[in-house]
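Take a look at the structure below.
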Amino acid sequence: TPSPIVDRAAAEEAVETALREQIEAHRVELGLACAWDAQLSALLAPALLSYETERMVGASVGSAEFESAVKRAVPVGATFKGYPLHFTHARPAPMFASVLRSEVGASIVQGREKGARLAVRARVAPYPDGLCSTWLMVASITD
């Protein structure tokens, strides 16, 4: 049977929007500001595609280019943190719970560094028989 996900881009946008809202609400509860970095978010997309491609064909593609792009995007003296996760669904609530359960994910979402800029990116790969592979990355750049 065909995948229930007809529009991959719309599914990715829905996941990203919901996660940004959940992260913002969580940070408000902690008394933290939330600044988003659209450039960093766009920068994460090739890495997520690379992760899914590696799962499909068994070879890493584009990881050196991603590392180079991150190095160019991160100002001197700043720190980049990124945490990729893989899911077999496209439901944001359990994704967010998984991010918070991990030490690295929680440190990004709950980071208290001044000037922190956050990013979220999702890559949804629909497959037949109702299967779905979703890669998610939360990231931050701190000064």
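The values are calculated or read from the model by the stated rules, or taken from the named source; none is laboratory data. Just so we're clear, the structure is a prediction, and the values are computed from it rather than from any experiment. With ideal geometry, Cβ positions are generated from the backbone for all residues, glycine too; neighbour counts draw on all protein chains shown. Side chains included, ligands, DNA and RNA excluded: accessible areas come from the protein's heavy atoms. Shrake-Rupley method; radii C 1.70, N 1.55, O 1.52, S 1.80 Å.
Considering (1) closer than 22 Å to R8 by Cα; (2) part of a helix (DSSP H, G or I); (3) not charged (D, E, K, R), the lone condition that H86 does not fulfil carries the number (2). Of the candidates P75, P4, the single residue that is touching a residue at least 24 places away in the same chain (Cβ under 8 Å), over 16 Å from the mean Cα position of the chain (by Cα), within 27 Å of P126 (Cα to Cα) and not in a helix (DSSP H, G or I) is P4. Considering region 92-116, the residues that are assigned to a loop (DSSP other than H, G, I, E, B) and either touching a residue at least 24 places away in the same chain (Cβ under 8 Å) or of a type in the set (A, V, I, L, M) (or both) include one that is nearest to C132 (Cα to Cα), namely Q110. Give region 67-96 a look and list any residue that's more than 17 Å from L32 (Cβ to Cβ) and open to solvent by less than 40 Å² (accessible area, probe 1.4 Å), or say none. Answer for region 67-96, where residues must be more than 17 Å from L32 (Cβ to Cβ) and open to solvent by less than 40 Å² (accessible area, probe 1.4 Å): A69, V70, A73, V74, A78, G82, L85, F87, H89, A90, P92, M95. Here C34 meets each of (1) in a helix (DSSP H, G or I); (2) open to solvent by less than 50 Å² (accessible area, probe 1.4 Å) with one exception, condition (1). Determine, yes or no, whether E16 is open to solvent by less than 60 Å² (accessible area, probe 1.4 Å), touching a Pro at 6+ places or on another chain (Cβ under 9 Å) and of a type in the set (D, E, K, R). The answer is yes for E16. The selection criterion, being in contact with a Ser or Thr (Cβ under 7 Å, 6 or more places away or on another chain), more than 19 Å from I141 (Cα to Cα) and open to solvent by less than 60 Å² (accessible area, probe 1.4 Å), holds for S50.
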